[in-house]
Amino acid sequence: MVKLLKLISALALSVVLLACSDNVRPVASDPSLGGVIAVGAPIANAQVTLLCGNGGSPKSTTADSNGGYSFTDLSGCSAPYVVKAVGDVGGTQ
């Protein structure tokens, strides 16, 4: 009986450890970051800069006419990220 309880305890612990493993989470093969630059209204054609948490080289892009932006190449850059944007809303920068 004691051996059976030890076996059950060992199996239960294995299941718990497997559930906590980082290997079970899916990882995006091509990570990207994007969104919409807006302050009440979209900021069309804003200059958008991505700063990397690991001190990697900043990346930049230009938002589209709806304020949409996307960074598809995050190589050499890791979180946390800071996104900065400069542009005009209704003629005011």
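What to note about this one:
- The shape of the range 48-93 can be summarised by an equivalent ellipsoid whose semi-axes, obtained from the alpha carbon gyration tensor, come to 23, 11, 7 Å from longest to shortest.
- Stretching the chain fully between Val83 and Thr49 yields a gain of 11.7 nm (0.36 nm per residue, less the alpha carbon separation).
Rule-based calculations on the coordinates, nothing more; no lab input. As the structure is a prediction and not an experimental result, all values here were calculated from the model.
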